[in-house]
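Single-structure report; data block below.
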Amino acid sequence: MANLRDPVIGPVIRAEGLTKVYRSGPVEVQALRGVDFTAAAGEFVVILGPSGSGKSTFLNILGGLDTASAGRVWFRGLDLTALDDRGLTRYRRDHVGFVFQFYNLVPSLTALENVALVTEIARNPMPPAEALALVGLSARRDHFPAQLSGGEQQRVAIARAIAKRPELLFCDEPTGALDSATGIKVLEALTEVNRATGATTLVITHNAAIREIADRSLRFADGRIAEEVVNPVRKAPTEVSW
């Protein structure tokens, strides 16, 4: 198999016929219904849709946190659907950064130390201070989470996700717990990280206005991609009307 960090030809991530069914006794819930998807290197994609439409399930399968009931997913030449738990763990560790709505920082560690946790297990990490600088937090590196605002804590979480230099950055409602002004700062950090690192970035949100900062937006409904919109020009987060 080719080195998965060689220059990319074709999609970085690709899904075909992605289906996910959850079962609880006799009850079946079809979370995904045959989703096809591709994303190129460095692309910024916003994923929209109501709760229960399949957005998070889709992102979790692409990120190796969940497995599909049917269909296939490839990261470059690697068939993720053929991997066992150990293989998926290696894929997540080496290639994927995650940012969630809640920051999950270690309270007893400084911002710098929280980022450094990830670099200790990464193959080719960036210095933690460099990751914090990318999200505009150099001056807050020695502060503990309790000394940081919600937006600053989320930016630490972004720095932690990118410190291992992932090719894929998956964000599930990263501004969901923030007010609009703080959310814009977090989106600015994400767009800067996307530009500076070239990580293919997928962001789930309920805020339809955020689609304007992306290269492309997808709208999920009833487990399917119901709409896809390509933006000819990406707007800056400060231009988005919340």
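Of all residue pairs spaced 6 or more apart or on separate chains, those with beta-carbon atoms under 6 Å, a first member in the stretch 199-217 that is in contact (Cβ under 8 Å) with a residue 24 or more places away in the chain and a second member that is buried (at least 18 other Cβ atoms within 10 Å of the Cβ) and of a type in the set (Lys, Arg) are Ile204/Lys55; Ser217/Arg211.
For the stretch 198-239, a tally of residues being more than 19 Å from Asp172 (Cβ to Cβ) and β-branched (Val, Ile, Thr) returns 4. Go through the stretch 65-83 residue by residue and tally those that are within 23 Å of Gln30 (Cβ to Cβ), assigned to a loop (DSSP other than H, G, I, E, B) and either touching a Leu at 6+ places or on another chain (Cβ under 7 Å) or aromatic (Phe, Trp, Tyr) (or both). Number satisfying all stated conditions: 1. What do you reckon, is Ala209 within 22 Å of Gly176 (Cα to Cα) and small (Gly, Ala, Ser)? The answer is yes for Ala209. Of all residue pairs spaced 6 or more apart or on separate chains, those with beta-carbon atoms under 7 Å, a first member in the stretch 47-58 that is closer than 21 Å to Ile213 by Cα and a second member that is small (Gly, Ala, Ser) and surrounded by 22 or more Cβ atoms within 10 Å (Cβ to Cβ) are Leu48/Ser217; Lys55/Gly49.
Criterion applied to Ala177, Ala209 was being in contact with a Ser or Thr (Cβ under 6 Å, 6 or more places away or on another chain), of a type outside the set (Val, Ile, Thr), more than 30 Å from Leu78 (Cα to Cα) and modelled with pLDDT under 90, and the one residue passing it is Ala209. Does any residue of the stretch 82-92 turn out to be of a type in the set (Ser, Thr, Tyr) and out of contact with any helix residue (DSSP H, G or I) (no Cβ under 6 Å at 6 or more places or on another chain)? So far as the stretch 82-92 goes, yes, one or more of its residues are of a type in the set (Ser, Thr, Tyr) and out of contact with any helix residue (DSSP H, G or I) (no Cβ under 6 Å at 6 or more places or on another chain).
Among the residues making up the stretch 193-242, a single one is surrounded by fewer than 17 Cβ atoms within 10 Å (Cβ to Cβ), on the phi > 0 side of the Ramachandran plot and either part of a strand (DSSP E or B) or of a type outside the set (D, E, K, R) (or both): Gly198.
The condition (being in contact with a Ser or Thr (Cβ under 6 Å, 6 or more places away or on another chain), in contact (Cβ under 8 Å) with a residue 24 or more places away in the chain and at positive phi) is satisfied by just one residue among Gly136, Gly71, Gly151: Gly71.
Of all residues assigned to the stretch 149-170, at least one qualifies as being of a type in the set (D, E, K, R), buried (at least 24 other Cβ atoms within 10 Å of the Cβ) and either under 15 Å from Glu130 (Cβ atoms) or modelled with pLDDT under 95 (or both).
Does the stretch 219-233 contain any residue that is free of Cβ contacts under 8 Å to residues at least 12 places away in the same chain, more than 23 Å from Leu105 (Cβ to Cβ), touching a Lys or Arg at 6+ places or on another chain (Cβ under 6 Å) and not hydrophobic (A, V, I, L, M, F, W, C)? Yes, the conditions are met somewhere in the stretch 219-233. Here is a check on your reading of the model: is Leu88 assigned to a helix (DSSP H, G or I) and under 28 Å from Thr175 (Cβ atoms)? The answer is yes for Leu88.
Screening the stretch 102-147 for residues that are in a helix (DSSP H, G or I), of a type outside the set (A, V, I, L, M) and modelled with pLDDT of 95 or more and picking the one that is nearest to Thr197 (Cα to Cα) gives Glu130. For the stretch 11-40, a residue qualifies if it is part of a loop (DSSP other than H, G, I, E, B) and either crowded, with 17+ Cβ neighbours inside 10 Å or touching a strand residue (DSSP E or B) at 6+ places or on another chain (Cβ under 6 Å) (or both), and the qualifying residues are Pro11, Val12.
The values are calculated or read from the model by the stated rules, or taken from the named source; none is laboratory data. A quick note: this is a predicted structure, and the numbers were derived from the prediction, not measured. Reconstructed Cβ throughout: ideal geometry from the backbone, glycine too, with neighbour counts over all protein chains shown.
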